[in-house]
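FYI, it's all coordinate maths here, none of it is from the lab. Computed from a prediction, not measured in an experiment: that's the story for all the values here. Cβ atoms come from the backbone with ideal geometry, glycine included; neighbour counts cover every protein chain shown.
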Amino acid sequence: MQGRSVWGSKVGFLLAAVGSAVGLGNVWRFSYVSYQNGGGAFLVPYLVAMLTAGIPLMILEYGLGHREKASPPLAFARVHHLWEPFGWWMPIVAFFGINLFYAVVIGWCFNYFLLALNLGWGAETGVFFEEHFLQVSSGPFEFVGIRWPIFAGALLTWVLCWLICFKEIRHGIEKASLLFMPVLLVMTIILVAWSLQLEGATDAVWNHYLRFEWSKISLLTAEGRSVWIAAYGQIFFTLSLGFGIMITYASYLPKKSDITSNAIITCLIDCSYSIFAGLAVFGTIGYMAQTKGVAFEEAITAGPGLAFVVYPEAINQLPAGNRLFGALFFLVLIIAGISSAISLTEAFTCSVCDKFKFERKKTVSVLCVLGMAGSIIFTTHAGLYILDIVDHFVNAYALILGGILECILVGWLMKAPKMRKHIFAVSGRKVWPLWDIAICFITPVMLMLILLGALYREFGEAYGGYPVGALLLFGGGTLVLSRFGAFILSHVPWPYQKRTHAHTPEEETLLT
Ligand code: PHE
């Protein structure tokens, strides 16, 4: 396709991809997931998941985006004309399923950044978070009204997203990533170093974070198997796979690109960042547990509570520099979050522009306004409940299903060796035939097991104890509506000949 934007540099692309992958999930989700699942021993299934699913799928997404030079709907449609709806589903879920609440959580971080400057959350951080900050209502249908500070934070996030995505890829997302990622790294290093020198920190790291409980990862027990499933789920989420984001980013790569190395480097940086940032989380909580004289297990909680309740409490206890430390921590979350939010916005924008040939600036502007309007529901007093439900359903089903569909599309319909040949042709680097096995069998089977496990649990008990009506409306509704949206969009006729292949005839002969 002519006139498609191209990344200005290899590093620019890599940092943008890393920016999407490194997000709120790396800082708090990884830490508590690994803690709940065997501590240090969790690293084994985690790394196996990275090797057998993370890297193969990353190569797949980069390869598909690069080969077709297209966002997911167009790329999918080119591989098989009946698959366009699935191609739409991924960016729609990314935008309406995740971006809407992701922007609100970044909005919380903006508020907490300001609160950190005068430790405005007080001594009772749990009470403050729920009763004063979120002012949580009594149930998911009790909206009550908008929490204006949260609204303002979400608005700021959307404005930043708009400002960055408005410009062409190399002047917007690339420039932002070139700035954000080094800053993020430096700030994280400071945070980790600061945390580790606190009293009780190294003890918590060795005895809780990195404690090896081999029995917990045994495949012979049901508990052990659920740890493996958690590891695959975490890898998927943390690498932003299954949303078509990496397909979109790779579609802006120049013709000669080293897809394999880029994919491996993205995965390695993201996973190492998680493990590294976990040191700061555990170190700080370890310090707090020691000062309060409570057991580590009592001090730590999972989920949103970790970043917005436990962490502020730990910050309160620091011997010096509390405000700076707090501001630094929430700034890390903001930067990591924004660089992921822009990738979610980009995937949908690019899909719309690819199909309808709309102008980028207008499309981004309209989508950001729509996005902010959609975020409002998460800024109400019932926002936390709805966020929790939507997050659960999107992560447990849409993401995993997206991965399975990609494996079928490339592994079986296009045929994995064809993609391998393409990657070799453009990078001069061979992909092991083992990749075919990962894409055709290992990854889809693992993902299917995760999906079945999630479904089994879903029918066993209502998630989070919420009323079934709320689960169906917000969780099921997001999945069904996004599927419906995908159906509609894929039935609008293409205004141009979409089957014209992105690559030149010479390149095609090279590929087959
Ligand atoms: N990878 C991001 C994180 O770890 C989350 C994310 C998922 C972002 C999917 C974009 C798309 O937080």
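Cα centroid separation, the range 166-198 to the range 340-375: 24 Å. Neighbours of Y102, meaning other residues whose beta-carbon lies under 14 angstrom from its beta-carbon, give a summed charge of -2 when Lys and Arg score +1 and Asp and Glu score -1. Applying a DSSP loop filter and a limit of 11 other Cβ atoms within 10 Å to the GluC sites (Glu not before Pro) in the range 322-406 leaves E359.
Distance from the Cα centroid of the range 269-283 to that of the range 409-454 is 29 Å (rounded to whole angstrom).
Take the Cα radius of gyration of the chain and divide it by 2.2 N^0.38 Å, N being the number of residues; the result is 0.94. By the helix-only formula, in which each DSSP H run with n ≥ 4 contributes -39500 (n - 2.57) and the sum is divided by residues, the chain has a 222 nm mean residue ellipticity of -19500 deg cm²/dmol. A straight chain from K10 to R211 at 0.36 nm per residue would run longer than the Cα-Cα distance by 68.5 nm.
Projected over all directions and averaged, the alpha-carbon convex hull of the range 43-103 occupies 5.4 nm². Taken about its Cα centre, the chain carries a charge dipole of about 1880 debye when Lys and Arg each add +1 at the Cβ and Asp and Glu each add -1 at the Cβ.
Computed 3J(HN,Hα) for the range 343-355, one whole-Hz value per residue from the Karplus formula 6.51 cos²θ - 1.76 cosθ + 1.60 where θ = phi - 60°, is 6, 5, 5, 5, 4, 6, 4, 4, 4, 5, 5, 4, 7, glycine and proline marked x.
Taking every C-alpha pair closer than 8 Å and separated by at least 6 residues, the mean separation divided by the residue count of the range 316-454 gives a relative contact order of 18 percent. A simple count of charges around I245, restricted to other residues whose Cβ falls under 14 Å of its Cβ and scoring Lys, Arg +1 and Asp, Glu -1, yields -4. May I ask you to derive the FRET efficiency for V159 and L179 from their Cβ-Cβ distance with R0 = 25 Å, giving the value to the nearest 0.05? For R0 = 25 Å, the calculated efficiency reads 0.90.
The trypsin sites (Lys or Arg not before Pro) of the range 372-476 that DSSP puts in a loop, and whose beta carbon has at most 13 other beta carbons within 10 Å, are R429, K430.
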